[in-house]
Amino acid sequence: MGLLAIIGGSGFSSLPSLTVLESRSVETPYGATSAAVARGRLAECEVLFLPRHGPSHHLPPHRVNYRANLWALRASGADRVIGLASVGGITPSFGPGTLAVPDQIIDYTYGREHTIYDGLAGGIEHIDFTEPYCESLRQALISACARVGETVVARGTYAATQGPRLESAAEIRRHERDGCDMVGMTGMPEAGLARELGLCYASLAFVVNWAAGKSGNVITMKEIEDNLALCVERVSTVLEAVAGA
Ligand code: HPA
């Protein structure tokens, strides 16, 4: 079996409980990754780690080189990838502090390099995306939450928006009508590319604010950062439980 890789998002430029053994820059056909791929030990297990927004969080969601990141993780030996995702909560059971493992996604992003089948080399394939996340890794995340005593919402639809601005209240109402429970900026093209590359991909989402128009207040970075800080240790504990399983 290959390695488990973790893609860190906001709040996770590094993984506090990861002992890094080696950091390696990986050349890819798609250009530079967000950072060097770290190989380390988490709960006595070897894992790979890559911060999506770079080591100093300098890459906004639409500038992340998702293709390079996923290609590099696979080239480094990953066969499973957990994408960490801070999100805004849309439906009532997705209040701040909620952990969720989405089972569906809608892509509202644009202008991102979103496929390895771009017609320039190596033919074209239309991959199946009916179930966009890898069910075995989703279940591994859900049972890891149970083992460490974390309540988790075991399904939900993720709206992937372009960012970096947050949404208007009308945009969020539209996402809600579309059936979305949570909103974030990096779920696509990450999930689609993982499927194209044959990687088993799932996401661990943590709600850091009510989405626009859902709380009656404007959304502040302070609110997001405060909630994020409360999630870091809980998410790290879940990741240790997944890695050690
Ligand atoms: N919208 C989009 N992405 C996000 C949000 C949000 O409200 N919160 C955290 N990531």
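The values are calculated or read from the model by the stated rules, or taken from the named source; none is laboratory data. On a predicted model such as this, the values are computed, not experimentally measured, just so you know. Reconstructed Cβ throughout: ideal geometry from the backbone, glycine too, with neighbour counts over all protein chains shown.
Residues in the stretch 88-97 that are within 12 Å of the ligand (Cβ to nearest atom) and either in a loop (DSSP other than H, G, I, E, B) or farther than 15 Å from Glu223 by Cβ (or both): Ile90, Phe94, Pro96.
As for the stretch 73-86, it holds at least one residue that is within 13 Å of the ligand (Cβ to nearest atom) and of a type in the set (Ser, Thr, Tyr).
Within the stretch 55-84, the only residue that satisfies the criterion of being small (Gly, Ala, Ser), over 16 Å from Glu27 (Cα atoms) and out of contact with any helix residue (DSSP H, G or I) (no Cβ under 6 Å at 6 or more places or on another chain) is Ser56.
Inspection of the stretch 119-130 finds no residue satisfying the criterion of being hydrophobic (A, V, I, L, M, F, W, C) and buried (at least 19 other Cβ atoms within 10 Å of the Cβ). The combined condition, being surrounded by 14 or more Cβ atoms within 10 Å (Cβ to Cβ), on the phi < 0 side of the Ramachandran plot, without any contact (Cβ under 8 Å) to a residue 40 or more places away in the chain and touching a Leu at 6+ places or on another chain (Cβ under 6 Å), is not fulfilled by Leu59.
Scanning the stretch 62-82 for residues being within 19 Å of Thr115 (Cα to Cα), surrounded by fewer than 23 Cβ atoms within 10 Å (Cβ to Cβ) and of a type in the set (Gly, Ala, Ser) gives a total of 2. Evaluating Glu125 against the criteria (1) more than 16 Å from the ligand (Cβ to nearest atom); (2) modelled with pLDDT of 95 or more; (3) over 23 Å from His57 (Cα atoms) leaves one unmet condition, (2).
The condition of being at pLDDT 95 or above, over 27 Å from Leu228 (Cα atoms) and surrounded by 14 or more Cβ atoms within 10 Å (Cβ to Cβ) does not hold for Val37. Selection of the stretch 198-224 for residues being surrounded by fewer than 19 Cβ atoms within 10 Å (Cβ to Cβ) and over 22 Å from Ser168 (Cβ atoms) yields only Gly198.
Per-residue answers, yes or no, for (1) modelled with pLDDT under 95; (2) touching a Leu at 6+ places or on another chain (Cβ under 9 Å); (3) over 19 Å from Ile7 (Cβ atoms):
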{"position": "Ser86", "(1), (2), (3)": "no, yes, no"}
{"position": "Phe94", "(1), (2), (3)": "no, no, yes"}
{"position": "Thr98", "(1), (2), (3)": "no, no, yes"}
{"position": "Arg112", "(1), (2), (3)": "no, no, no"}
{"position": "Leu120", "(1), (2), (3)": "yes, no, yes"}
{"position": "Thr130", "(1), (2), (3)": "no, no, yes"}
{"position": "Leu166", "(1), (2), (3)": "no, no, yes"}
{"position": "Asp178", "(1), (2), (3)": "no, no, yes"}
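Can you confirm whether the stretch 98-107 contains a residue that is closer than 22 Å to Thr157 by Cβ, surrounded by fewer than 24 Cβ atoms within 10 Å (Cβ to Cβ), within 16 Å of the ligand (Cβ to nearest atom) and among the small types (Gly, Ala, Ser)? No, the stretch 98-107 contains no residue that is closer than 22 Å to Thr157 by Cβ, surrounded by fewer than 24 Cβ atoms within 10 Å (Cβ to Cβ), within 16 Å of the ligand (Cβ to nearest atom) and among the small types (Gly, Ala, Ser).
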